Structure formats: C-alpha cells, structure tokens
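Okay, so here's the structure we're looking at.
Nothing in this text is a laboratory measurement; each read-out follows from the coordinates by a stated rule. As the structure is a prediction and not an experimental result, all values here were calculated from the model. Glycine also receives a Cβ, built like all others from the backbone with ideal geometry; neighbour counts cover every protein chain displayed.
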C-alpha cells in the first residue's frame with residue numbers, strides 16, 4: 001500500500017501525541033496502570049477522612065431551584081409503570097444475601113421507620129451539582145434489622161431501570177453502608193420522591209459521586225465480594241464504561 | 001576546559017539547572033499536557049461553569065460552550081462569540097460534524113469518553129502531586145527559592161520592572177552575564193505559577209471531591225462552593241496554558257537550542273554580548 005504524502009505528513013506532524021494517547025487509552029495494560037490510581041485515591045481519602053465524617057449539610061435557602069435528574073428518568077418496564085400508577089403501594093424492598101433474617105418491606109413500612117432528613121449537595125461525575133433535601137431510612141437500620149453477617153463486605157443495590165439487557169446495579173462497601181448519612185431516600189424537598197429522581201426509593205451515599213446513588217432500588221444484597229455481580233467491577237457504569245468503583249473524587 | 005573561562009564571558013558555560021529541576025520540568029511537561037487535554041474532555045461532559053455551591057442546567061452559567069444547528073458558540077456572561085470549527089461545532093477526523101465543546105485534537109482521548117479522561121486525569125494528578133511535593137522538599141533543602149527565584153534588592157523597583165518589560169516587548173533579551181540568572185519577569189511568572197496557579201489547581205481539584213469536602217470542609221469554603229472551585233480550576237488551567245505558550249515563545253526567542261540544551265543537560269552557554 002502506498003502512503004500518500006499528505007497522510008504521511010499528517011501522521012508525522014499533527015497526530016503522534018494524540019495517536020499515542022489514544023492507543024494507550026485502549027491498551028488494557030496501560031488502563032490497568034491508570035486504574036491503580038483509583039485504589040491509591042481511595043486509600044488516601046479514607047486515611048485523611050474520619051470514617052464517620054459527614055458530608056456538609058446545607059440550609060433550606062441553599063436548595064437548588066430545580067434538582068436536575070440524570071440517567072434513567074423513567075424506567076421503561078410495564079411492571080414499573082403499573083407500580084407508578086398505583087403510587088408504589090405494592091412496591092417492596094427486599095433485603096437479602098449475607099443476612100440472618102431476609103426482609104421484604106412495603107413502602108408504607110419503610111416510611112414508618114425512623115427517618116433522617118438531610119440537605120446535601122449531589123455531585124454528578126459530569127461536573128454539575130444540585131442541592132436537595134432528602135428524607136429516608138438509614139441503610140444501617142435496615143442492615144441491622146436484617147442481621148447483616150460479619151462476612152458481608154459490600155452492599156449491592158439492584159434497581160428497576162433497564163440499560164439495554166441489564167438492570168442498573170451499584171455497590172458500596174461497609175464503611176459507606178453504615179455511614180449515618182447513607183439513607184434510602186423516599187422524599188425529595190418535602191415531597192415523595194419524583195419518578196425522574198428514582199421513585200420510590202433511591203440511595204444517598206453522600207461522600208461519592210452521583211452514579212453511586214442508585215435509583216429505583218428494589219433489592220439490597222449483602223455480599224462478601226463483587227466478582228459475581230454483573231461484570232465484576234461492582235456497578236453498571238463500572239462494568240460498561242470503566243468508571244471508577246470508588247467515586248469519592 | 002571551556003567551563004573555566006573568565007567570569008561572565010559570552011560563550012562561558014554555567015550550570016543552569018540542577019538535576020531535580022530538569023527532571024521536574026520534563027515530567028511536568030508531560031503531566032501538564034495530559035492534565036490539560038484530559039481536563040478539556042472532562043469539561044466536555046458538562047460544558048458550563050457556575051459560581052457558588054451548586055450549578056446544573058437550570059441554573060445560570062457564567063461560561064458556556066454550546067452550539068446552534070449551524071454554529072459553535074462560546075458564551076461568557078452576555079457576550080457570545082461564534083467559534084464554529086473550534087469550539088461547540090467542529091469536524092472530526094472522519095469528516096463528521098461534532099457538537100462537543102472542545103474538539104478531538106485538544107482532548108485525551110480524541111473520541112468522547114468521560115471515564116477514560118477521568119482515569120488519565122486522576123492518575124496523572126498523583127504524579128503531579130508527588131512530583132511537586134518532592135521538588136518542593138528539594139527546593140527548601142537547597143535554598144533554590146531564595147537563591148534563584150526571590151526578587152533581589154532593586155529588582156521590584158518600578159524603573160527596573162519597566163525597563164525589563166520594554167526590553168521583553170522588543171525581544172531584546174539578556175546577554176552575557178545577565179543571562180546567567182532569571183530576570184525579574186521570569187522570576188515573577190515562575191513564582192506566580194509555583195505559588196499561585198499550581199496550588200490553586202491542586203486545591204480546587206480536591207475541592208470538587210465529595211469525599212475531600214467531608215474530610216476537609218475548609219477546602220470547599222476556600223472557594224466559596226464546589227461550582228466556584230470548578231470555575232477556578234478551569235480558569236487556572238487556561239492561565240497555565242497561557243503560561244506554557246508564552247514560555248515556549250520566550251524559549252524560541254531566547255535561543256531554543258541553548259535553552260533546550262540547558263534544560264536537558266543542565267549546562268547553559270552564555271549568549272554573546274550585543275555589539
């Protein structure tokens with residue numbers, strides 16, 4: 001094959017840096033090297049951050065006029081539509097996996113549990129932020145109620161929204177699962193959670209980025225490892241697009 | 001030996017940059033390019049900037065790069081600048097029109113990927129932080145700062161400053177013995193980068209981290225909000241880009257071979273005095 005002069009000059013002059021970077025980006029070995037930074041970041045942040053350090057809580061005056069929604073705005077399944085039409089009266093949250101007493105709770109039961117309300121800032125991985133008032137049940141209460149095993153190292157959230165053939169899933173470790181601000185929220189800004197923000201239940205894990213805050217949660221599973229969950233990296237975006245599992249930055 | 005020639009003679013060789021400076025310089029040359037280009041890709045995920053604690057699509061952005069069906073547009077405040085071909089609306093390598101903010105030639109990776117850009121950015125941020133800390137420790141131990149960078153008596157006098165500015169504007173750069181040391185404009189710009197822009201980048205970057213904000217709440221207060229920190233991060237990145245461009249231009253004007261040789265091997269040959 002003959003290389004045209006123009007192509008030759010182009011590949012010699014303008015492109016080499018970008019080509020090299022692109023090649024590295026899609027080389028699995030280099031990618032693995034970049035991924036090492038994620039572990040370093042997590043260890044460093046956990047080192048300087050008190051286990052129970054709270055994300056900032058704001059005042060009512062600081063709330064965003066519009067709380068932007070992102071990702072799924074309305075799950076497409078018929079069963080979700082039916083639940084939504086009935087006001088999620090029959091929605092149940094299952095708590096299972098490595099627990100002594102698996103639970104199945106209705107929304108009425110969940111709303112009857114002790115709740116925590118917090119005005120916090122939601123930071124999307126894309127860069128935007130929105131402040132909202134969340135009310136929900138501390139995840140810790142549910143896990144303790146179910147008698148979570150000491151062998152459990154991660155909590156996986158199975159969701160009702162579809163991404164092609166798979167449903168959304170996310171996971172956090174026990175440090176975040178037992179954190180006082182980690183709640184399963186059922187209200188936003190004083191009203192029941194809107195569908196675009198994850199009705200009837202969404203996770204708030206305030207010290208991480210938005211994609212960790214699973215919406216439309218229908219099942220919680222305590223597990224010892226993430227290898228058997230989805231592609232093994234702990235979440236939908238982690239498996240499908242190589243986003244970080246630890247999203248503290 | 002050539003290096004033992006009489007003091008201050010043109011053509012004399014001086015040890016200009018010690019090895020930690022040289023290593024840090026070239027490591028940062030790579031790091032800054034990667035951080036800048038991967039940062040532009042991260043910006044592309046949400047090409048709007050805000051002031052304050054929060055900011056999303058419904059809120060007022062002070063800067064936005066967007067597009068109409070025919071044009072790319074940069075908006076700063078109320079000023080709209082058409083940027084078709086460069087920002088907001090451009091043609092990629094396959095001849096396809098794209099409407100992302102920064103074009104493929106300016107980003108890492110070329111094709112849109114927020115996750116890949118974050119991997120690059122957050123890994124090289126560690127290299128930047130560790131390298132910077134090591135270099136700062138060496139500078140303190142060896143007195144590099146007070147010996148070579150802090151202005152000396154008289155250098156900040158308006159008359160001297162003005163003379164340097166007019167000399168630079170005419171590209172009449174120092175020769176002979178005077179070229180052996182940094183001039184006051186160099187000193188001030190290096191100090192502004194070392195103690196202004198680079199720490200601001202690090203702190204505003206960390207202030208965008210929700211975990212760091214929980215660990216160190218003062219971090220986000222320093223910038224009066226996470227979205228302000230994001231704006232500061234972007235502005236400082238543009239200022240660093242401006243510094244790099246001026247730096248390259250000055251290297252070209254001062255004698256690129258001489259300057260490059262000094263930054264690679266350390267030795268600098270004093271330029272000839274003007275006749």
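Which values of log₁₀ I(q)/I(0), to two decimal places, follow from the Debye formula for region B:84-199 at q = 0.14, 0.22, 0.24 Å⁻¹ with a uniform point scatterer at every Cα? Listed by q, the Debye log ratios stand at -0.84, -1.15, -1.30. Its Cα gyration tensor gives region A:193-246 an equivalent ellipsoid, and the semi-axes of that ellipsoid, as √(5λ) in whole Å with the largest first, are 21, 13, 11. Between A:81, A:36, A:100, the Gaussian network model of chain A with springs among Cα atoms under 10 angstrom shows the greatest mean-square fluctuation at A:36. When the Debye formula is applied to the Cα atoms of chain B, each taken as the same point scatterer, what base-10 log of I(q)/I(0) results at q = 0.12 Å⁻¹? These q points yield log10 I(q)/I(0) values of -0.90. For chain B, the longest principal axis of the alpha carbon atoms and the long axis of helix B:198-207 meet at an angle near 20°. Taking Cα atoms only, the orientation of helix A:16-25 departs from the longest principal axis of chain A by about 40 degrees. When chain A is treated as a Gaussian network with alpha carbon springs shorter than 10 Å, the biggest mean-square fluctuation among A:179, A:158, A:83 belongs to A:83.
Overall shape of region A:64-112 was characterised from the C-alpha gyration tensor. The equivalent ellipsoid obtained from it has semi-axes of 25, 16, 13 Å, in decreasing order.
For each of B:228, B:189, count neighbouring Cβ atoms within 10 Å of the residue's Cβ, then give the residues from fewest to most.
Working: B:228 20, B:189 17.
Lowest count first: B:189, B:228.
With Cα atoms as the point set, the protein assembly as shown shows a radius of gyration and Dmax of 27.4, 93 Å. Across region B:204-275, the fraction of Cα-Cα pairs farther apart than 16 Å, rounded to a whole number, is 64%. Ellipticity at 222 nm from helices only: DSSP H runs of n ≥ 4 in chain A, each -39500 (n - 2.57), divided by the residue count, give -8000 deg cm²/dmol.
Expressed as cubic angstrom per residue, what is the convex hull volume of the alpha carbon set of chain A?
Working: hull volume 44.9 nm³, N = 249.
For chain A, the hull spanned by Cα atoms encloses 180 Å³ per residue.
The angle separating the long axis of helix B:114-142 from the principal Cα axis of greatest extent in chain B is about 30 degrees.
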